[in-house]
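Chemist: What follows is a structure written as structure tokens; I'll ask about it next.
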Protein chains: 2
Amino acid sequence: MSDTAPTRQASAWLAAFAAALDARDTAAAADLFLDDCYWRDLLAFTWNIRTMEGQAAIIEMLKATLDGRRPSAWSLSREATVENSGVEAGFTFETAVARGEGILRLRDGKCRTLFTAVSELKGHEEKKGAGRPLGVRHGADRGRETWSERRRREEAALGSTEQPYCLIVGGGQGGLALGARLRQLGVPAIILEKNARAGDSWRNRYRSLVLHDPVWYDHLPYMPFPEHWPVFTPKDKMGDWLEMYARVMELNCWTSSTCLSAAYDDGEKSWTVEVDRAGERVVLKPKHLVFATGAYGPPRMIDLPGADVFEGELLHSSQYADGRRFRGKACAVIGAASSGHDVSVDLWESGADVTMIQRSPTTVVKSDTLMELGFEIYSEQALARGIGTDKADMMVASTPFALLPESQKALYDRIRVRDADFYDRLRQSGFAIDFGDDETGLMMKAYRTGSGYYIDVGASELIIAGEITVRSGVAVERLTPKGIQFDDGSELAADVIISCTGYQSMHETVAAIVSREVADKVGPCWGLGSGVRNDPGPWLGELRNMWKPTAQDALWFQGGNLALSRFYSKFVALQLKARMEGIATPVY
Amino acid sequence: MSDTAPTRQASAWLAAFAAALDARDTAAAADLFLDDCYWRDLLAFTWNIRTMEGQAAIIEMLKATLDGRRPSAWSLSREATVENSGVEAGFTFETAVARGEGILRLRDGKCRTLFTAVSELKGHEEKKGAGRPLGVRHGADRGRETWSERRRREEAALGSTEQPYCLIVGGGQGGLALGARLRQLGVPAIILEKNARAGDSWRNRYRSLVLHDPVWYDHLPYMPFPEHWPVFTPKDKMGDWLEMYARVMELNCWTSSTCLSAAYDDGEKSWTVEVDRAGERVVLKPKHLVFATGAYGPPRMIDLPGADVFEGELLHSSQYADGRRFRGKACAVIGAASSGHDVSVDLWESGADVTMIQRSPTTVVKSDTLMELGFEIYSEQALARGIGTDKADMMVASTPFALLPESQKALYDRIRVRDADFYDRLRQSGFAIDFGDDETGLMMKAYRTGSGYYIDVGASELIIAGEITVRSGVAVERLTPKGIQFDDGSELAADVIISCTGYQSMHETVAAIVSREVADKVGPCWGLGSGVRNDPGPWLGELRNMWKPTAQDALWFQGGNLALSRFYSKFVALQLKARMEGIATPVY
């Protein structure tokens, strides 16, 4: 028999909360929370992605939104459980225009964290399962249009006689996942993919690239990878999957197409976008413009004085495809994060002489360790316990960013002990290791700056063995005709220099396509305002500009790894659908 | 609380059965069955697809197989239930070389039907779930071959420097499903698809074709259709899905490739197969040859005396693509089964004048009725009750063919009452209806002869309304320059005559590719030996030659609709895998 006490407690809390909201008694509602409390909301109350931290913030939000949202029908969706000495329960609810779901966590009868998210818009549900389309109009019909005829008509019309409601720039996992969501919601959209085929954004990366995240974390919406799919997907296999996905999901993906310029007309409330479609100039007039050009923006080309005199080859990791042409060459890799490591291994495997130049310490975690300790809820074991991708996504989203450092620090305390020998050996090789300013490790670096970490799949042992030389704690002063001169006066001869120095913020892509003025108005993407280097405060509680309204009307950012693209694409799509349907979406 | 009595009964039966088998006491084992009993086995005991009917047949089979199979570890796999006043239970078991599963049905404590099937071969399990491949060899490796390099090397080698273990002729659902199963089992295979792209076998059919079976019945192995997939898949969408499937499942599908000839060498135990691969002649030497050229064989061209003087256009339904070029023309459709109806509607919708010539009565069922009453276990409702495709497949397979007529007759008794008005109106239009010789309806016609039925998706109302004219109960005597002369002396003017007269047995394809001698030795495919017209006795209890060893060594037939292709491809693949691994497969 399961313990019914947690469910009774959660049920009582939810009833009291519902009663307070019904009475519009915001103080009573807030009093149901602990002092140290968090309410993370995805669209349901705020039509935004926001975390209210503390009772005062909750009261303020409720005062601004309760009358419009009219929440109701709060109901537990499963038996509550005891997790980490608190009661945890899933629930469903409704607002005037949507159905929602959430997760609450109680401690001593009061709420520590509340998570609310829109599931679907009433009257605009996706057609799936029992509600799926029939696929054919039975009976006889002299005006019958077949599926393929309708698809061809749609493809011919969209972007010429009919305008897409939404234009998505970028056909990687972010753009395709959003495109699929919009398709299922009936929002006309075009995806611009600069390469010749969908999936080429993966195919064009360096030869040995394999996803560092495991398959259970990487599913796209609607079509999970099959059971025999490898744990770590090779880049070309991912390319094929994305290409297939675009086709089977019936996405309007324009390949060999780049976005030349875009301007928003405040009067018309639409964009004018100039597109190069396989050499033909097309002007589109979408109502919304979504940048899905990768988790980050354009390549970050660091300033290298003397680059003009350097007689060797100088390239950025985004231009690096295959190390085999560098066999026997002296190669300097600037940067010691993921791409720096992957490129170094690829060069070493190709028979090049590799020196990695580490400008600042790196957070390194062994892949096996991270899979076992960090990806527990995205795993075969989790599936066996009934935790599928959707449920795992909700569990992850239900934890406010503010509380992540605490649990991540605990995780890295365990990891450092478990892999102490590995870290000792790596340090002894001269490689500088850190776990972030506050010892919170890889995931917090990913959210704060998206840089400075490596999931070790083999490079570290090459460094330990001295097969890849590391120069750490030095800065590049200038390039010379034959190599690099460092700030400590030492020199390194190099035939090839590869900058694995990451990418700029996505808002730099906006600057290039829309304008510097709009880019500056919108500001950088990503980061939490944590106050660490490259993620200046003030504290925001959510990722800057991602998946939510920005300072520029009708301009959106969709991005992140496969998991974030999968999960947040739903909320970008729901925001766009609501606007298309004329549903009021007051942004809090 | 669930009733535990059925489980106790099933458990006791299984224990007694296991004890009798352990003791090699075949009489005691047979005594656990009713007089009127059936044991259907897929490979586990017989390395064949066979149904033993009656205790004597069971004793005979056990005597021949028990020592070799050494069955053990019989165990219920779920709580038993009471179905149709009998106890039903699922179970698992093992043999010396395999793990198996089955379903038993008891009546008064004795077994009415037993079903046993191999699930997997020990030591040759598919790599999936927790056993899935890693996708990358972590660490550093100067001989590293990436996924795409390995795929390209395999594609280049297979069929030139390396021979496939198995050659599959036909890249429709049958060939692709089998190819996918073989791939997962590590059996090198090549699929020959005569068209330019995988999926073209569907794309090339007539414009308005839409699957008549619902989506829940149509899933391919490993990759189910997503939740938003339409109930009835349009043919071009099915084509795209198959093309994607071949790619994502990494099948070696040679397109624009036809099999010119094949000969078996009894000494070498291999085939010599001459292939036209996109214009290039290639000779392959596979150990096994599988015909997956469609549920049926080449088009059946009925003898039409006077065809040489007919001044109009004469074609077979397999050549019919689009009715729109027949607008305003007088069209005679010979045949009143599925393709005859579909083609007639397509012509009518295109503005042609259509007469359907019905040579023998047709079994017609309204699509809605069949979905509701006949496809109950492949439906959204079944899914909600926990019956997924795999479970439904096992439930269907567990009923011996000999018992189908009884339940099908009961189904059609209900259908005739439910749709009495529809049938009256259809008969009044002059259309001849039957439900088979023994009133067992559509599915039995499908299994016995694969012909003579139509799932009504609209044509019948056009016939009732007189929009499609029916000439029934007449035979074509001869064609005249301007049309058809019937055996009652009447004539029909026609600009176009379309023979919707079905397909020949698949063994005619063997005659064309291998030899008439081998084709005759193997004999026809499909049919149960039911004794009805076109399905002569004696009674076989299983479909002729399908998915199991034939009279010709190393020659196999894989075919059927999507559902049969899905389910039986597993057993064809397991038979081939066992042979490749040198596992003894004595065929009973």
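Chemist: Looking at A:54, A:86, can you tell me which residue is out of contact with any Phe, Trp or Tyr (no Cβ under 9 Å at 6 or more places or on another chain) and either surrounded by fewer than 16 Cβ atoms within 10 Å (Cβ to Cβ) or over 22 Å from residue A:546 (Cβ atoms) (or both)?
Modeler: A:86
Chemist: Follow-up question, since we're still on this one. Just need a number here: residues in segment A:89-108 that are open to solvent by 60 Å² or more (accessible area, probe 1.4 Å) and not in a strand (DSSP E or B).
Modeler: Final tally of qualifying residues: 1.
Chemist: Okay, moving on. For segment A:473-482, name all the residues that are surrounded by fewer than 19 Cβ atoms within 10 Å (Cβ to Cβ) and under 30 Å from residue B:139 (Cα atoms).
Modeler: A:473, A:474, A:475
Chemist: Follow-up question, since we're still on this one. Can residue A:65 be described as in a helix (DSSP H, G or I) and either among the polar types (S, T, N, Q) or touching a Leu at 6+ places or on another chain (Cβ under 6 Å) (or both)?
Modeler: It is true that residue A:65 is in a helix (DSSP H, G or I) and either among the polar types (S, T, N, Q) or touching a Leu at 6+ places or on another chain (Cβ under 6 Å) (or both).
Chemist: Now for a different question. Here's a check for you: in segment B:423-457, which residue that is in contact with a helix residue (DSSP H, G or I) (Cβ under 9 Å, 6 or more places away or on another chain), farther than 30 Å from residue B:400 by Cβ and open to solvent by 10 Å² or more (accessible area, probe 1.4 Å) is nearest to the other protein chains (Cβ to nearest Cβ)?
Modeler: Only one residue tops the list, namely B:457.
Chemist: Now for a different question. Restricting to segment B:341-363, and then to whatever is modelled with pLDDT of 95 or more and away from every other protein chain (no Cβ under 14 Å), can you tell me which residue is most open to solvent (accessible area, probe 1.4 Å)?
Modeler: That would be B:361.
Chemist: For residues that are among the aromatic types (Phe, Trp, Tyr) and assigned to a helix (DSSP H, G or I), tally how many sit in segment A:6-33.
Modeler: Residues in segment A:6-33 being among the aromatic types (Phe, Trp, Tyr) and assigned to a helix (DSSP H, G or I): 2 in total.
Chemist: Hey, any hits in segment A:455-466 for a residue that's closer than 21 Å to residue A:310 by Cβ and free of Cβ contacts under 8 Å to residues at least 24 places away in the same chain?
Modeler: no
Chemist: Which of the numbered conditions does residue A:130 fail, given that it passes all the others? Conditions: (1) at pLDDT below 95; (2) under 23 Å from residue A:392 (Cα atoms).
Modeler: (2)
Chemist: Oh, and also: Restricting to segment B:158-176, name every residue that is surrounded by fewer than 22 Cβ atoms within 10 Å (Cβ to Cβ) and small (Gly, Ala, Ser).
Modeler: The answer is B:160, and nothing else.
Chemist: Pick out, from segment A:177-292, the helices (runs of 4 or more DSSP H) lying fully within it that include 3 or more residues that are open to solvent by less than 20 Å² (accessible area, probe 1.4 Å) and closer than 19 Å to residue B:244 by Cβ.
Modeler: Passing ranges, in order: A:235-248.
Chemist: Out of curiosity, is residue B:4 open to solvent by 60 Å² or more (accessible area, probe 1.4 Å) and not charged (D, E, K, R)?
Modeler: yes
Chemist: Quick one: would you say residue B:470 is under 30 Å from residue B:37 (Cβ atoms) and either of a type outside the set (S, T, N, Q) or buried (at least 19 other Cβ atoms within 10 Å of the Cβ) (or both)?
Modeler: Considered against the rule, which asks whether it is under 30 Å from residue B:37 (Cβ atoms) and either of a type outside the set (S, T, N, Q) or buried (at least 19 other Cβ atoms within 10 Å of the Cβ) (or both), residue B:470 comes out as no.
Chemist: Just to check your reading of the model, which residue among A:413, A:393 is open to solvent by less than 20 Å² (accessible area, probe 1.4 Å) and either out of contact with any strand residue (DSSP E or B) (no Cβ under 6 Å at 6 or more places or on another chain) or assigned to a helix (DSSP H, G or I) (or both)?
Modeler: A:393
Chemist: Of the residues A:508, A:517, which is open to solvent by 30 Å² or more (accessible area, probe 1.4 Å) and more than 21 Å from the chain's Cα centre (by Cα)?
Modeler: Sole residue among the options that is open to solvent by 30 Å² or more (accessible area, probe 1.4 Å) and more than 21 Å from the chain's Cα centre (by Cα): A:517.
Chemist: Going through segment A:520-560 one residue at a time, which ones are free of Cβ contacts under 8 Å to residues at least 40 places away in the same chain, assigned to a loop (DSSP other than H, G, I, E, B), surrounded by 16 or more Cβ atoms within 10 Å (Cβ to Cβ) and not hydroxyl-bearing (Ser, Thr, Tyr)?
Modeler: Those that are free of Cβ contacts under 8 Å to residues at least 40 places away in the same chain, assigned to a loop (DSSP other than H, G, I, E, B), surrounded by 16 or more Cβ atoms within 10 Å (Cβ to Cβ) and not hydroxyl-bearing (Ser, Thr, Tyr): A:524, A:529, A:540, A:544, A:545.
Chemist: Can you find, within segment B:458-481, the residue that is nearest to the other protein chains (Cβ to nearest Cβ) among those that are part of a strand (DSSP E or B) and hydrophobic (A, V, I, L, M, F, W, C)?
Modeler: Result: B:468.
Chemist: From the residues in segment A:218-245 that are among the aromatic types (Phe, Trp, Tyr) and more than 8 Å from chain B (Cβ to nearest Cβ), which one is farthest from residue A:384 (Cα to Cα)?
Modeler: So the residue we want is A:245.
Chemist: Quick one: count up the residues across segment A:293-311 that are farther than 25 Å from residue A:565 by Cβ and open to solvent by less than 30 Å² (accessible area, probe 1.4 Å).
Modeler: Adding up the residues that qualify gives 3.
Chemist: Related question: Residue B:569 is checked against (1) part of a helix (DSSP H, G or I); (2) open to solvent by 10 Å² or more (accessible area, probe 1.4 Å) and fails just one. What number does that condition carry?
Modeler: Result: residue B:569 fails condition (2) only.
Chemist: Could you figure out which of (1) touching a helix residue (DSSP H, G or I) at 6+ places or on another chain (Cβ under 6 Å); (2) at positive phi isn't true of residue B:253?
Modeler: It fails just one condition, (2).
Chemist: Output the residue which, of all residues in segment B:365-374 that are crowded, with 18+ Cβ neighbours inside 10 Å and within 14 Å of chain A (Cβ to nearest Cβ), is nearest to residue B:302 (Cα to Cα).
Modeler: Ranking the candidates gives B:365 first.
Chemist: Turning to a different aspect of this structure: Report yes if some residue within segment A:109-129 is within 14 Å of chain B (Cβ to nearest Cβ) and either open to solvent by less than 30 Å² (accessible area, probe 1.4 Å) or over 30 Å from residue B:238 (Cα atoms) (or both); otherwise report no.
Modeler: Yes, segment A:109-129 has at least one match.
The values are calculated or read from the model by the stated rules, or taken from the named source; none is laboratory data. In this text the structure is predicted, and so the values were computed from the model without any measurement. Note that each Cβ is placed from the backbone with ideal geometry, even for glycine, and that neighbours are counted across all protein chains shown. Only protein heavy atoms, including side chains, enter the accessible area calculation; ligands, DNA and RNA are left aside. Shrake-Rupley method; radii C 1.70, N 1.55, O 1.52, S 1.80 Å.
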